[in-house]
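Computed from the coordinates by the stated procedures, all read-outs in this text should not be read as laboratory data. Small disclaimer: the values here were computed from a predicted structure and weren't measured. Neighbour counts run over all protein chains shown; Cβ positions are idealised from the backbone, glycine included.
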Amino acid sequence: MREREEMKKTLCLLATAATLTMPQALAVTQKLKIDLNAQHSKGDQTFHLKRMLNGKFGKGIIEGHKLQKVVLQAKSKKGNADANLAIGYSETAPEVIPGTVEQFDSDLSGFHAITLSAPLRAQQEAAPWKVHLKGNIKVDSIKAVTKLEPSYPYSKVDALSFKMVNSFKVDKIIGDTKKINVGKDFKAVQLTAKGSVSITSVKVKFADGQVVFLDELEGKVKGPTSFKFNKELAKEVKFLEISAVSTNLFGSRGELQVSIAEKKGAQTQPTRPTRPTRPTRPARVR
């Protein structure tokens, strides 16, 4: 009987380990912050988050995105208020909002970061996103973190031709960040490394002002790692901002190479040929 119980525990541990090590679906992340400037709320209040995001950032900014979490900067007067997140009919358990009477009057300090993770139940695209507050609360800001899983194979770039546009050494511990300007025909980015380099962030700013982060490219660079912009992301990119760190504890720093590909048929502006210099005549001897 005891051996059977031990075997059952072992199997449970193995199953848990397998679950934790399973690769998660990678995606594109948005971090959308709404400043509320210490807005005062008493009793019960609901923030209709989708309406607020569409109103500030433009309709369609979260189209196709799923809500991952909401981070409130808030405080309560006596530390007994709470907040929770609802997506459609699914709700999270309330999270306590700390605070004291002494700190409550200030509109500049004393706020706490309250993280409300999205319910585990699958999200319906049309479901409303709501933040429910209960108590005497001041809210300084709401940040929504959303994820989009593109509907196309964004890492498949066999048909594209890449050209290296930047190469730089990456510091250890602190790391480095480089801004890469791209043209209007930009189609895809590819990262390769010499030595041990880990990408900590790839920020993309589109020409219309939208900013996203490419989760797909984060982590240790193992061979060429690529991301193609198509369908939901088929719009002009203004620049990329790439942050990386060398993970070698000993030896020299790693080097990151950034290459880009343009749309098929895009013509690069030819460089103007330099005018040949006229040969000088030898001086006449008199």
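Couplings 3J(HN,Hα) of the stretch 198-204, computed from phi: 10, 7, 9, 6, 10, 9, 10 Hz, in residue order, whole Hz [Karplus 6.51 cos²θ - 1.76 cosθ + 1.60, θ = phi - 60°; x for Gly and Pro].
For Gly99, the residues whose amide H sits under 5 Å from its own are Ser76, Gly79, ignoring neighbours fewer than 5 places away on the same chain, with H placed 1.01 Å from N.
The phi torsions of the stretch 65-80, fed into the Karplus equation with coefficients 6.51, -1.76 and 1.60 and a -60° offset, translate into couplings of 8, 10, 7, 8, 6, 10, 10, 9, 9, 8, 8, 10, 6, 10, x, 10 Hz, rounded to whole numbers, with Gly and Pro shown as x. Summarising the label geometry, the points placed 7 Å from Cα in the beta-carbon direction at Ser106 and Lys264 lie 6.0 nm from one another.
Classify the stretch 128-249 from the C-alpha gyration tensor, please: rounded if a/c falls under 1.5, else prolate or oblate depending on whether a/b exceeds b/c. Oblate is the answer for the stretch 128-249, as a/c is 1.5 or above yet b/c matches or exceeds a/b. Computed 3J(HN,Hα) for the stretch 102-117, one whole-Hz value per residue from the Karplus formula 6.51 cos²θ - 1.76 cosθ + 1.60 where θ = phi - 60°, is 5, 8, 5, 5, 5, 9, 10, 9, x, 7, 10, 7, 10, 9, 10, 6, glycine and proline marked x.
Determine the relative contact order of the stretch 140-216: mean sequence separation of Cα pairs under 8 Å and six or more apart, normalised by residue count, in whole percent. Please list the in-between numbers first.
Details: 21 pairs, mean separation 12.7, N = 77.
Computed over the stretch 140-216, the figure is 16 percent.
Near Ser201, the amide H atoms lying under 5 Å from its own belong to Ser243; only residues 5 or more places off or on other chains count, and H is placed 1.01 Å from N.
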